[in-house]
Amino acid sequence: MRYLLTFIITTSLNTLSFSQPGWNWPEDKAAAEEKNVLYTDYLKQGNCEMAIEPNRWLMENVPGLHVSIYQNAVKILRCLIDVEEDLNKKNKLISEALSVFDKRIENFGREAYVKNRKASFAYTFYRSDKSQYENLYNMFNEALKLNGNQLSNSNIVASMDICR
């Protein structure tokens, strides 16, 4: 009886240690795991150029896998934006990052929170581009409508900055 009890406890602990709450693995789990390991390892190494493609694959092929693929996509894209010197390529990366926020909402909700972050991200790159002020205004206005009193302090200041 003691061996049976030990077996049950050990099996339960193993199952708990291998389960990953919040992860929605597809039927072809091996391919998704491989891409997830690849991009996270590259990201840990600071190799954003190599991390972006497996991350994009996950967002395209298993968009409901986990919210972290979207959070990390923004980190990776920010890394790429910061080193990109070609203005057209930089703007494409910024647009891609902004669309990642929308995809995150589409797959994991939390619209008010994510739009607050999206507006802050956009302001970082568009604050000196007056042609983007209308877009920024619309993002801040939407974030304000969704968040009310919970709009981040940095977004309150940023929205005032573009309105002056």
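Assorted remarks:
- Candidate set from the range 20-47 (those that are modelled with pLDDT under 95 and open to solvent by 60 Å² or more (accessible area, probe 1.4 Å)); member that is nearest to L58 (Cα to Cα): D28
- Subset of the range 82-102 [charged (D, E, K, R) and part of a helix (DSSP H, G or I)]: D82, K89, K90, K92, E96, D102
- The residues of the range 113-142 that are of a type in the set (A, V, I, L, M, F, W, C) and within 11 Å of S152 (Cβ to Cβ), listed by number, are A119, F140.
- Within this structure, L58 passes the test of being buried (at least 18 other Cβ atoms within 10 Å of the Cβ) and touching a residue at least 12 places away in the same chain (Cβ under 8 Å).
- Residues of the range 103-113 that are in a helix (DSSP H, G or I) and either under 14 Å from F140 (Cβ atoms) or open to solvent by 70 Å² or more (accessible area, probe 1.4 Å) (or both): K103, E106, E111, A112, Y113.
- Looking across the range 77-102, the residues that are surrounded by fewer than 16 Cβ atoms within 10 Å (Cβ to Cβ) and closer than 18 Å to A143 by Cβ come down to S99, D102.
- Any hit, the range 146-161, residues being surrounded by fewer than 19 Cβ atoms within 10 Å (Cβ to Cβ), aliphatic (A, V, I, L, M) and in contact with a Gly (Cβ under 8 Å, 6 or more places away or on another chain): no
The values are calculated or read from the model by the stated rules, or taken from the named source; none is laboratory data. As the structure is a computational prediction, the values presented were derived from the model and not from experiment. Here the Cβ is made from the backbone with ideal geometry for all residues, glycine too, and neighbour counts use every protein chain on show. Ligands, DNA and RNA are excluded from the accessible area calculation, which covers all protein heavy atoms including side chains. Shrake-Rupley method; radii C 1.70, N 1.55, O 1.52, S 1.80 Å.
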